[in-house]
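Take a look at the structure below.
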Amino acid sequence: MALVSMTALMNHALENRYAVGYFESWNMESILAVVDAAERTNSPVIIGFGGQFIGSKKRAIKENIHHYGYLGKAIAMQSKVPVALLLNEAHTVDLLIKGLHSGFNAVMYESHDLSFEEFTNVNRYLVKTAHFLGAAVEAEIGQLPDSDISNNTISKGEKTDPDLAAHFVESTGIDALAVSVGNVHLLESGHAELDFELIRCLRKKIKVPLVLHGGTGIAEDDLKEAVDLGMCKVNVGTVLKRVYLKHIQCYLKKNDVDHMDPHNVIGRGGEADMLCGAREAIAEAVVKFIKIIGSENKAHLI
Ligand code: 13P
């Protein structure tokens, strides 16, 4: 298979009443785990990285987005299922443009500091550039609340206004719209309360595929209902880092690594390899989502 357009994946999902998952990665094992899961379930998938993390000014070591783009593209091209490659929620246009030139075939800009007009203009520019390069653009109208595990709070968000969203889609030409419909980013405790009436209304008014972020914090039945109502892309991030960390934590508790051959712990790939186990833990979590959102066994139909 090959790198496939994110728009093609979302449109197939929309026409066939399922959703395609975007499972956010941060390193080699995590991105390979997503493809492992997709191949195991014969599912199309969107792989990629979080632009807000890779491009963060707070990083101790500055990252080169080209490394991530070329890596992601190579993995997509070697995959047995259709794969799109997204540079998600980047806070600078510069990072997104570099991303487009390094292999990403979908991008999303995120800023909550711009006026509606400025945000529209930035997205118009991104659409022009991305479409010229054969790539897709996603944008969000409204704002998801963020959950903060350190103090158990959820920030105030803003639900998507259907008329404003329709106007934005028309005037930018974006390919996918992320919506704020009660979903919450980074929510690990409890479940978000989705506004199904708003989803119905958005599906009627918005001409492009709709995207549900915050997949970690959505209950299984709610996720199924949202997909049934026409959500055709679901983003999942936090839970994948959680299962990765949990695996490593358990491994280090169970094993006296000071007295083990480090090659057996990392890199040899045998049963005792900690990172292989962590990769498998991510793949299992991704498989669960793939089954819930209905993309299993759809790869060969695209
Ligand atoms: P979660 O981390 O809450 O699953 O959300 C991921 C996401 O929406 C990335 O865009």
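A few notes on this one:
- Cα-based Rg / Dmax (Å) for region 155-258: 17.4, 60
- Among 196-208, 222-234, sorting by the average number of other beta carbon atoms lying within 10 angstrom of each residue, highest first, gives 222-234, 196-208.
- The helix-based estimate of mean residue ellipticity at 222 nm for the chain, built from -39,500 (n - 2.57) per DSSP H run of four or more residues and divided by its residue count, is -14000 deg cm²/dmol to the nearest 500.
- The Kirkwood hydrodynamic radius of region 29-74, based on inverse pair distances between different Cα atoms, is 12.0 Å.
- Residue separation of V257 and T92 scaled by 0.36 nm, minus their Cα-Cα distance, works out to 55.3 nm of gained length.
- Take every DSSP beta bridge whose two residues both sit in the chain; close to 10 percent of them are antiparallel.
- Qualifying chymotrypsin sites (Phe, Trp or Tyr not before Pro) for region 83-145 [loop in DSSP, other Cβ within 10 Å: at most 15]: none
- Under the criterion of Cα pairs below 8 Å and six or more residues apart, the relative contact order for the chain equals 23 percent.
- Convex hull volume per residue in cubic angstrom - Cα atoms of region 1-132: 111 Å³
- Helix 116-132 vs. the chain, principal-axis angle (Cα, 0 to 90°, nearest 10): 70 degrees
- Rounded tilt (10° steps) of 28-40 against the dominant C-alpha axis of the chain: 80 degrees
- Radius of gyration (Cα atoms) of region 55-174, expressed as a multiple of 2.2 N^0.38 Å: 1.18.
- For region 1-157, the share of DSSP beta bridges that are antiparallel, to the nearest 5, is 10%.
- Cα-based helix-to-principal-axis angle, 196-205 vs the chain, degrees rounded to 10: 60 degrees
- With q set to 0.15 Å⁻¹, the log10 of I(q)/I(0) for the chain, from the Debye formula over equal scatterers at the Cα positions, is -1.20.
- Spherically averaged projected area of region 150-213 from its Cα convex hull (nm²): 4.8 nm²
- Only lysines eight or more places from K98 in sequence, or on another chain, were considered; those with a Cα closer than 28 Å are K57, K58, K62, K73, K80, K128, K233, K241.
- Within region 1-88, percent of DSSP bridges classed antiparallel, to nearest 5: 0 percent
- Span from the region 173-213 Cα centroid across to the region 277-300 one, whole angstrom: 21 Å
Where a number appears in this text, it was derived from the coordinates with a stated rule and is not lab data. Just so it is clear, the structure is predicted and the values come from calculations on it, not from any experiment. So basically every Cβ, Gly included, is an ideal-geometry build from the backbone, and we count neighbours across all protein chains shown.
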